[in-house]
Amino acid sequence: MNNGEPPVFHSLNSVTAGLVAFLVQFLPLLVLVGAAELTGGAGKWIGGKLKNVGNKAQESFKGNPNDPNSLRNRVRFNARAGATRAQAKVVDQGRELGASRFQRARGKMARVAWRNMDERMAQLTKQDRERQDTMSSTGRDQLRYAGGGWMLKAGDKAPDFVQDGAGTTENYDRYYNSKGKEISKSLYSEGKASYGGNLQSTANSLNWAARKIQTDQDIANFRHAFAQNAIANNWDNSEAGDAWAAATYEYKPQLSSEWYSRPEVVRGANGRTTGVKYNDISNDEKAFHSFMTENHKSRESFKLSSMRDSEWRATADRMAQFQAKVDRGEAVTQKELEGYAMASEVVDSVVKEGYASGTMSQDAEGNLQVQGPNSAAQGVLNAMYKNRKYAVSAYKDASGRYSVHERVLYDKSKVDAERQTRITENQRRERAGQPSLGAFDEYSSIDKHALRQVGTSMTNPKNVVLRETPGDKTYNTHRVEVTGDEQRSLVPR
């Protein structure tokens with residue numbers, strides 16, 4: 001039935017209907033394809049957004065490239081510092097006095113390839129110092145103390161000088177900062193990651209601890225932290241020397257005793273560092289001589305009274321050791337003689353400068369009253385001045401000329417007693433109307449009570465045995481050279 005439509009339209013409608021029917025069966029596929037296109041675009045958009053978020057998160061985690069404390073810069077710095085340290089080891093081995101031919105050749109090649117290793121090490125230390133100072137200038141310095149910290153293993157006894165848990169043993173690991181204060185593992189790990197990841201960072205963290213040294217306990221904690229870091233990082237003597245210089249040189253004017261008490265690493269059978277020995281000025285002859293030379297020749301008199309009480313105590317200890325050796329008839333070395341003579345002149349310089357400036361006086365009982373910047377040194381200086389048995393004077397030859405570079409040591413108490421006896425006798429004669437005995441001949445008294453060389457060591461003829469020989473001029477007065485000879489004969493012309 002065509003519903004009155006012309007045959008031709010009926011035929012067209014049938015064709016259209018068939019075509020539509022044919023296309024409709026593919027409509028789901030077209031929808032899927034369209035959906036896929038739509039989904040793909042959205043996926044790309046979402047993926048792009050997620051990628052941007054990820055990149056931003058990654059950049060945020062890595063930190064600002066201009067921030068020296070950011071993760072990316074710390075990682076780069078640690079990698080650079082580690083590589084430079086390894087290269088410096090090769091160079092240092094080639095420089096050693098007893099280096100093998102192979103070590104010298106390898107060191108020479110390394111110097112050519114890597115240029116000036118010392119400058120690179122110094123630049124890394126300076127760069128890290130600036131980074132750490134930026135942090136600590138705000139007062140938040142706990143990470144710097146943690147950076148120089150150390151771990152105490154379970155079952156090990158804590159040193160007696162730490163601030164927390166001294167002398168105790170626990171069944172778990174404990175963590176301490178460079179001041180000997182117990183800290184959490186979290187703070188320790190963060191401090192090591194930020195300020196203890198390489199030689200330069202660790203040395204600069206220890207520098208911050210050295211800056212705060214006031215007492216013997218502070219020195220003990222500082223040195224122990226240094227030693228533990230040397231062991232943990234397997235520093236050799238060259239690396240320990242670099243770290244010590246970075247940690248202490250800045251404070252040489254205020255704490256020269258630490259600078260001169262340089263560390264020396266102790267190696268185990270396996271070649272690794274197992275400890276550190278300190279050449280402390282109180283028991284090492286060479287260290288004390290260097291320390292005293294610095295103060296004797298380079299520091300003005302008015303600055304000497306600002307020496308810390310710990311340094312005065314170390315000086316007093318060395319002087320007491322020397323006096324005891326002389327009194328026992330033991331041989332002493334030239335460095336011991338020079339060290340004692342310089343120390344004695346330093347004490348005299350402080351006392352004379354104190355009198356001249358009005359910052360020092362003496363009471364009726366002979367006690368020194370020190371009013372210098374370091375109040376803790378008053379009692380030490382007073383005891384040193386009283387306990388000093390042998391004083392120093394310029395040597396006087398037969399013509400009556402005093403030497404500018406040679407000194408003699410003499411028993412101060414006996415000369416003082418003879419002087420006082422002459423003064424008392426002259427006062428008595430004056431009251432009695434009798435003639436005066438004249439002025440006290442101080443050098444004659446000094447010469448009578450001076451130390452004379454009465455022998456030498458059987459093992460080393462350069463070491464001498466000294467003794468007072470009043471009235472016996474068989475032996476010559478022993479002279480000590482403390483400033484170099486008058487003609488400066490060692491200086492090239």
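Derivation of every value follows stated rules applied to the coordinates shown; laboratory data play no part. Since we're looking at a predicted model, the values are computed, not measured. Because the Cβ atoms are built from the backbone with ideal geometry, glycine has one as well, and the counts that use them run over all protein chains shown.
Segment Thr459..Ser375, full-extension length gain: 25.8 nm, with 0.36 nm per residue of separation and the alpha-carbon distance subtracted.
Please give the length that would be gained between Asp397 and Thr168 if that part of the chain were fully extended, namely 0.36 nm times their separation in residues minus their C-alpha to C-alpha distance (nm, one decimal).
On the way: separation 229, 0.36 × 229 = 82.44 nm, distance 6.29 nm.
Full-extension gain reported as 76.1 nm.
Which semi-axis lengths, in whole Å and largest first, follow from the square roots of five times the eigenvalues of the Cα gyration tensor of the stretch 264-331? Please list the in-between numbers first.
Values: eigenvalues 164, 76, 21 Å².
For the stretch 264-331, the semi-axes come out at 29, 19, 10 Å.
May I ask you to compute the full-extension gain from Ile423 to Lys153, defined as 0.36 nm times their residue separation minus their alpha-carbon distance, rounded to one decimal in nm?
Working: separation 270, 0.36 × 270 = 97.20 nm, distance 6.83 nm.
Gain in length upon complete extension: 90.4 nm.
Take the Cβ-Cβ distance between Ser184 and Asp216 as r, set R0 to 22 Å, and report the resulting FRET efficiency rounded to the nearest 0.05. Computed FRET efficiency for Ser184 and Asp216: 0.20.
Over every pair of different alpha-carbon atoms in the stretch 286-481, take the mean of 1/r and invert it; report that Kirkwood radius in Å.
On the way: mean 1/r = 0.0549 Å⁻¹.
In the stretch 286-481 this quantity evaluates to 18.2 Å.
Using R0 = 45 Å, the C-beta based FRET efficiency linking Ser444 and Ala193 works out to 0.05.
When peptides 428-434, 285-291, 114-120 are ranked by their average number of other Cβ atoms within 10 Å per residue, the highest-first order is 285-291, 114-120, 428-434. Toward the positive end of the charge dipole of the stretch 286-481, with +1 on the Cβ of Lys and Arg and -1 on the Cβ of Asp and Glu, the farthest Cα among Phe322, Ser344, Asn382 is that of Phe322.
Provide the three semi-axes, in whole Å and in decreasing order, of the ellipsoid equivalent to the stretch 411-485 as defined by the square roots of 5 times the Cα gyration tensor eigenvalues. List each step's numbers first, then the result.
Values: eigenvalues 254, 31, 17 Å².
Taking √(5λ) for each Cα gyration eigenvalue gives 36, 12, 9 Å.
Given Cα pairs under 8 Å that are at least 6 residues apart, what percent is the relative contact order of the stretch 261-300?
Reported relative contact order: 30 percent.
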